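Here the structure is laid out as structure tokens; the discussion comes afterwards.
The values are calculated or read from the model by the stated rules, or taken from the named source; none is laboratory data. Nothing here was measured: the structure is a model prediction, and the numbers come from that model. All Cβ positions, even for glycine, are placed from backbone atoms using ideal geometry, and neighbour counts span all protein chains on display.
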Amino acid sequence: MNIVIIGFMATGKTIVGRKLAKKINMEFIDTDKLIEQKEKMSINKIFSEKGEDCFRELEKNLIKKISRKNNVVISTGGGVVLFSENMTRLRRNGIVICLKTRPEIILRRVEFQKGIRPLLNKSNPLKEIRDILKKREVYYKQADIFIDTTDFNVNKIVKKILKEISALTPAIS
Ligand code: S3P
């Protein structure tokens, strides 16, 4: 069984996923990082030089491959949910955890990590965050477990995830 982490940009998917994997001794995969390594290019550069569609194809191909693995924690990019084939594959042998927080917190975090989110390089990023979130709400709702990461205490968040997982799958925990 895999653990798949979805959610909007800057909800903490990478940091939480890595910590969770370490805690339960599972392999950790971050899809954005893996795409960057394979393409030898940053996500930002892939978006600006090859376009979003190309990025989505790379992402789909990677999901296809890694969803065949077992016992991995997979942190995904915020847009992975947009394609039903990605979610079908990830759900097949994975529990899906959605991390969430408020738009204002997302903005604060992306401003802190300046320039690495091509979709938010807009004149009014808060409006952009709200608009994209609204469009994606229905997709993020597909998760099995929802965790609020506004209070970003990684250890607490990991504990909460493990508690929710064991409530959901008592037989395997
Ligand atoms: C995207 C989120 C990013 C990255 C790309 C597109 C999105 O990942 O995959 O910039 O569509 O929400 P993070 O969620 O890790 O920021």
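Going by the conditions given, is Ile63 assigned to a helix (DSSP H, G or I) and either of a type in the set (Asp, Glu) or within 14 Å of the ligand (Cβ to nearest atom) (or both)?
In short, yes.
Which of (1) acidic (Asp, Glu); (2) within 16 Å of the ligand (Cβ to nearest atom); (3) over 24 Å from Asp148 (Cβ atoms); (4) in contact with a strand residue (DSSP E or B) (Cβ under 6 Å, 6 or more places away or on another chain) is the odd one out, the single condition Asp53 does not satisfy?
(4)
Which one is farthest from Ile29 (Cα to Cα) among residues in segment 88-129 that are touching a strand residue (DSSP E or B) at 6+ places or on another chain (Cβ under 8 Å) and assigned to a helix (DSSP H, G or I)?
So the residue we want is Arg91.
Go over the candidates Asn44, Asn70 one by one and state the one that is outside any loop (DSSP other than H, G, I, E, B) and surrounded by fewer than 17 Cβ atoms within 10 Å (Cβ to Cβ).
Within the list Asn44, Asn70, the selection yields Asn44.
If a residue has to be within 12 Å of the ligand (Cβ to nearest atom) and either farther than 27 Å from Pro118 by Cα or buried (at least 19 other Cβ atoms within 10 Å of the Cβ) (or both) to count, how many in segment 1-40 make the cut?
Adding up the residues that qualify gives 15.
How many residues, within segment 84-130, are farther than 21 Å from Asp148 by Cβ and loosely packed, with under 14 Cβ neighbours inside 10 Å?
10
Val73 fails exactly one of the following numbered conditions: (1) at pLDDT 95 or above; (2) more than 19 Å from Ala21 (Cα to Cα); (3) within 16 Å of the ligand (Cβ to nearest atom). What is the number of that condition?
(2) is the only condition that Val73 fails.
Go over the candidates Ile132, Ile147 one by one and state the one that is modelled with pLDDT of 95 or more, within 16 Å of the chain's Cα centre (by Cα) and closer than 20 Å to Met1 by Cα.
Just one listed residue meets the conditions, Ile147.
Just name the residue that is farthest from Gly12 (Cα to Cα) out of those in segment 112-129 that are modelled with pLDDT under 95 and in contact with a helix residue (DSSP H, G or I) (Cβ under 8 Å, 6 or more places away or on another chain).
My answer is Lys122.
Quick one: in segment 47-61, of everything that is under 18 Å from Asn86 (Cβ atoms) and out of contact with any Phe, Trp or Tyr (no Cβ under 9 Å at 6 or more places or on another chain), which residue is surrounded by the fewest Cβ atoms within 10 Å (Cβ to Cβ)?
My answer is Asp53.
Can you tell me which of Val158, Val81, Val138 is outside any loop (DSSP other than H, G, I, E, B), within 16 Å of the ligand (Cβ to nearest atom) and either surrounded by 20 or more Cβ atoms within 10 Å (Cβ to Cβ) or in contact (Cβ under 8 Å) with a residue 12 or more places away in the chain (or both)?
Going through Val158, Val81, Val138 in turn, the sole match is Val81.
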